[in-house]
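Step one of this worksheet: look at the structure below.
The values are calculated or read from the model by the stated rules, or taken from the named source; none is laboratory data. Because the structure is a prediction, the values reported are computed rather than measured. Here the Cβ positions follow ideal geometry from the backbone for every residue, glycine too, while neighbour counts run over all protein chains shown.
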Amino acid sequence: MDTQKHKLVLVKFSAFFIAGLMAATALLAPLSPTSVAAQQPTGSIPTVTGTPLGPFITVTYPEQINIRSGPNSTIYPAIGVMLPGETAPAIGKSVGGDWIQISYPGVPNNVGWVYAPLVSISPYANLIPVDAPPTPTPLTTATIDPTLQSEFLSQVTATRLPTYTPAPPIEPIDYGPSKASGVFLPIGLVITVFLAIGVFAGLVSYFRDR
């Protein structure tokens, strides 16, 4: 009877153990990493290539250069600058080829001109000559009407300033040695006399007491 009871307990324990093991496996299964092989493409992948932007300039001068509103450094004013190594799209060139027109947003017509010897152009053969823009209107210079000027000058009379005369030199005052009235007694002599009288009186008093 005891043997059957022990077998029944062992069977129940085994059943509970197997059930617990299966439950633990089911709970831990989603946490384990699963390696999934990525699907490889079967066709060929086309290569993406950039579209050429066309001619461009690069500043080769070691200092900043000016961007002008036209192809001339004395007629057209500077409208911007470019630093060494900067690039910009090239649009065209001047008739002589000394100046390059570039795209420069933010200014009138969004274009500017740079001096060709200060930059490198790639490719230069694609640039076409471009006409220079109209020359800027020179600044007006204020002029004075000659008639008004002559009338104004005729009303102004020149006044001669008085001639400067220097003041006579001041003669120094010579005070000279002061002359006292009456008999002059030196201070040293007076002190010596009083000192002698005091010594004499002291000697007389000393011998009288003896």
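The table for this structure:
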| item | result |
| --- | --- |
| Subset tally (residues that are within 15 Å of residue 101 (Cβ to Cβ) and in contact (Cβ under 8 Å) with a residue 60 or more places away in the chain) for region 60-83 | 5 |
| Entirely in region 74-122, the strands (runs of 3 or more DSSP E) that have 1 or more residues that are over 19 Å from residue 63 (Cβ atoms) | 87-93, 99-103, 111-115, 119-122 |
| Hits in region 86-128 - residues which are farther than 15 Å from residue 66 by Cβ and either touching a Ser or Thr at 6+ places or on another chain (Cβ under 7 Å) or among the hydrophobic types (A, V, I, L, M, F, W, C) (or both) | 87, 89, 90, 91, 95, 110, 120, 121, 125, 127, 128 |
| Among (1) over 30 Å from the mean Cα position of the chain (by Cα); (2) at pLDDT below 90 - the single one residue 98 does not satisfy | (2) |
| Qualifying residue in region 147-156 (condition: at pLDDT below 75, assigned to a loop (DSSP other than H, G, I, E, B), among the acidic types (Asp, Glu) and over 30 Å from residue 71 (Cα atoms)) | no |
| Filtered residue count, region 53-70, keeping only those that are crowded, with 18+ Cβ neighbours inside 10 Å and of a type outside the set (A, V, I, L, M, F, W, C) | 4 |
| Residue in region 159-173 that is modelled with pLDDT of 80 or more and under 30 Å from residue 82 (Cα atoms) present | no |
